[in-house]
Every structure is written in structure tokens, then in C-alpha cells.
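Okay, structure first, notes after.
What follows draws every value from the coordinates through simple rules; no lab data is involved. All values derive from a computational prediction rather than experimental measurement. Every residue, glycine among them, receives a Cβ derived from its backbone with ideal geometry; neighbour counts consider all protein chains shown.
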Amino acid sequence: MVKIFPVFLFAFFTSKLIIAQTGFETFLKTHLNESFYEKTQFGLSITDLSNGKKLAGYQENKWFVPASSLKIITSFVSYGVLGKKYQYRTHLMYTGNIDKSGTLYGDIILQGSGDPTFGSERWPQKPDLEDVLNIMVVEIKKAGIKEIKGKVLVDSSCFDDDPVSPTWQWNDIANYYGGGAHGFNISENEYHLFFHRNKEIGQKAGLDRIEPYIPGLEVENEVTVGPKGSGDQSYIFTKDSRYDKVVRGTIPYGNNIFKTKGAIPDPALFMAYRMYEAITKVGIICDPDQFGKNTQIRQVTDTIITFFSPELNLMAKTANAESINLYCESFLKTMGNKISGKGQRTTGIEMLNQYIDSIGLNRNDIHLEDGSGLSSRNYVSPGFFTSFLHKMVILNGQKEVLDLLPKAGAEGTVKGLLAENPEVQSYVWAKSGSMTGIYSLTGICKTSKGTWVSFSMILNGSPAKESKQNRKQLEKILTAIHKYY
């Protein structure tokens, strides 16, 4: 009996594995026969994280548009290239000299490093815009400066002057999520529009105000009131110049003020204006025509103060949880500095591809146009996603990978994922991606059998009118993955 027992165990576990695979495959075959998938393109990959073995796949090697699931790749690669403790530095400096009377014969320069978090209210332990301005004024006065016989400048030259990917859609790029990554970013490059919407359906909504004030910005309002609960369906478009905008679409009926968000056209120029305003408000004399952007390298005399961003691991976690395009676009350009010494999207993608090669994956299995997933010309296969996550677990450890992935039911864009199935929800960490006709889920799941798997599911060309309909389809599959593996 002793000699037979191991054979019995082997036969038992082999049998259980076959049942699990057959059970999932049977479920998937039935599920994909639903009318929802008649014209929809769908891909799936499941990989065992303990050994990298592919457990199941459906069109797993075909390219799909991943939407924001792409952020997993950008954030994890930046984690490897830049280091998890990497911090952006923004320097307040001056050129020239300060005489005994406190007159600066030179320029005040705020030098950007591409920090996507600078002045953001998202980080309570870091100063927001108003705090930054107050700190700068105090430090300028401490330096003994009472008058500036030069310029107040913001330097954004660390990145190229091409913040927006050429493959982004026209109705995205003037909105807060499509503003792109600049060499200097402030308050996540957002401004706010406030509307009155207590009107009959179809009537024009009233534009109450725009905050903060941006010199030169003109916004023409063509927004109308839609049905209650219809959501924000308004979009901002650029007209004749980047400061000439029109906002169109609908906002839902309601009694209170409704807020939408746009992208600041030139964050560096906006910040230069706010610096000039703050400096002169405390009595420091400065010529009103002498604020702007730094366009050439100057010999710096001294650094007044340096601002540090949060560490990269925290920024990457937030980028994935809240799906912040600006963060991942900035990460990509910052990686580009490793090759060219200047933040460019193309060199960032090349750096990312080199990293992909270095960890034993094939750069030819993906095609990237940006770092955030906003382009509909990004292509990634589900099989690449699951292999990539397996490599990340090997390199960083599973605990650290899970920490950078949003927790289903708890964080950001997947807070509502599997809300009707809390037993499965508690074992899922995933990044979602959503665009018109596109939905994806990529992440890690601990199954009912105790197996840790990476998974990726992508829908392209979906007939669903709402994102939550796509999510429900993939929730069914994710529940089956948890059940059968």
C-alpha cells in the first residue's frame, strides 16, 4: 500500500487538474456563444504565476487595443528603469546677483523636471498650488530679494514641446485626461468649468465660472442639459488657437452646480503668471511684462528651494488605481531621458522596448503609441500581459506587484468590480481599461483552489452602450477563472 499511495495521489491531482481545465473551457465555450460576442473581438490569457505555464487562452496571441490596461506596462517598466524610490525635483533658482539693497539683477526661474504631481491636491503630504506659491514667496524674501530686474520664468525644457500623442482623438486632447505631459506640470494641468443645470432637457446650460483664472483663455459654451443621471457627456474642443475653446455635449439635469474639467493649454506659462502675481502681491517689485517660459539655458547662481515629488512606487500605484494618463505619459518621457537626455515619447517607448527585451520578452509582441493607453493605435496581446505580470512577480516579488495593482472593490476604477460577488472580489487585483467599444481587465487572482494566476481579458468592438455592460461580461469570466482554477 505504501508504494501505491503516491501513484494514487498523482492520479487524483492529475484528474482534478483535467476537471478544472475542462470545466472552464466548457463554461467559456458556452459564454462566447452568447449574442453579445457575435461581432465582438475577444481575447483571453491565464498564466500560473508559480511556473509561468499558460493555463488557458483564447486568441491570446492576437493584438487588441488595451485602453488603460496599458498603464500596467508603463508603470512597472518605469519602476524597473527609474527605481521605486525615484523622485522628481523641481528647483526654484535665480541667475545674476543680488545687491545690498535687495535688487536681483537676474531672473527667477522655476525649473520643471516633468513631475506630474507638482501642486496637485491629490497628495495631502505635499503642497498644492497655493501652498507652493506661498512657500516660494517666503523663500524668495529669505534670499533677500526685494526687487527683480529681470524675468520670472518657468523652465519646461526637460521634455520636448510635444505633450500630446498624434494618435489621440480630437475630442480628448483639450479635456483634463488628454492634456498630455509637459516638462512642467501644475495641479495635474486641470482647470474647472462650473455649470448651472436646473433647466429643461435640451436647453443650454449656464456656464457660471472657470477656475483658476488662465490669462487669454476663452471658452464658448454650447453645452445643453441632458436627462437626470445621464452623466457628463461634454467635451472641450480647441478652435482657432490653443487658448480658444468650445465646450459641447450634455450634462445631467440637477439642482446643484455641475463641474467639468479641462486641460490647461500651457502649464508653464500659467505658472509664470501665478508666480508673478504672488511675488508682486507681497511687495516685491517686478516688471509685469517680464514673466514667461524659459527658452534657453542660463547660468544659475543659486538654488533657493527644491520641491520633491512622492516616490515612484506611490505615484505608480496611484496612476494605476485612478487611471491618470498624465502620470504614465510623464513616466514614459522621463524614461526617454535615459536615451536622449531629453524627455520624448519616442525615446521613452524605445527605452521601454529595451527593458522588455532585457527581461526575456519580445518587444515585437506589442506596439505602443503612448504610455497611458489613450491612443486607439496601441496594440497588446492578452498573452503578453500575463507573461509580463509573471516576469514582474519574478523580478519584484508578488507582494510588491500586488501593491502596485488596484484592489478590486477597494480602489479607483475597479472599486465596483465584482460588487455582486464579494467572495471572488476579495481575491482580485486588476487594472481596467475602457474606451468606446473597448473594455479590458488585466491583473492577478487567487483562485478557489489556492492557485495564483495572472489574467488578461480584452473586448474590442463591443456592442454595449455603457462600460458597465462590458464589465459584467468579463466579471462572469473572472468568476469562472476563480472557480475552476
Within the chain, the percent of DSSP beta bridges that are antiparallel, given to the nearest 5, stands at 75
Low-density loop GluC sites (Glu not before Pro), segment 277-348, at most 16 other Cβ within 10 Å, DSSP non-H/G/I/E/B, are GLU311
Tilt, helix 325-340 to longest principal axis of the chain (alpha-carbon atoms), in degrees rounded to tens, equals 80
Checking rank on 128-136, 173-181, with mean other Cβ inside 10 Å and highest first, the result is 173-181, 128-136
Stokes-Einstein D for segment 187-263 (4 °C, 1.567 mPa s, Kirkwood Rh from Cα pairs), in µm²/s, comes to 103
One computes Rg over Rh for segment 373-448 from alpha-carbon atoms, with the Kirkwood Rh, and obtains 0.98
For segment 79-144, the dipole about the Cα centre with charges only on Cβ (Lys and Arg +1, Asp and Glu -1), to the nearest 20 debye, works out at 320
The chain, convex hull of Cα, quarter of hull surface, nm² -> 27.0
Segment 113-147 and segment 263-281 have their Cα centres apart by a whole-number Å value of 12
Going residue by residue through segment 71-78, the Karplus relation 6.51 cos²θ - 1.76 cosθ + 1.60 with θ = phi - 60° gives ³J(HN,Hα) values, rounded to whole Hz and with x marking Gly or Pro, of 4, 4, 5, 4, 5, 6, 5, 4
For the chain, whose charge dipole is built from +1 on Lys and Arg Cβ atoms and -1 on Asp and Glu Cβ atoms, the candidate among VAL401, HIS482, SER156 with its Cα farthest towards the positive end is HIS482
For segment 187-263, the dipole about the Cα centre with charges only on Cβ (Lys and Arg +1, Asp and Glu -1), to the nearest 20 debye, works out at 240
With +1 on the Cβ of every Lys and Arg and -1 on the Cβ of every Asp and Glu, the dipole magnitude of the chain about its Cα centre, in debye rounded to the nearest 20, is 1480
Farthest towards the positive end of the dipole of the chain, among GLY112, PHE270, TYR243 and with Cβ unit charges of +1 on Lys and Arg and -1 on Asp and Glu, lies the Cα of GLY112
For LYS317, the aspartates and glutamates lying under 17 Å Cα to Cα, once residues fewer than eight places off in the same chain are dropped, come out as ASP115, GLU121, GLU188, GLU329, GLU400, ASP403, GLU411
Going through LYS199/LYS239; LYS228/LYS476; LYS85/LYS126; LYS84/LYS141; LYS149/LYS293; LYS29/LYS472 one by one, the pairs whose alpha carbons sit over 25 Å apart turn out to be LYS199/LYS239; LYS228/LYS476; LYS84/LYS141
Of the candidates GLN41, GLY183, SER372, the farthest towards the positive dipole end of the chain (Lys/Arg Cβ +1, Asp/Glu Cβ -1, centred on the Cα centre) is GLN41
Distance in Å, no decimals, from the C-alpha centre of segment 331-355 to the one of segment 50-76 is 22
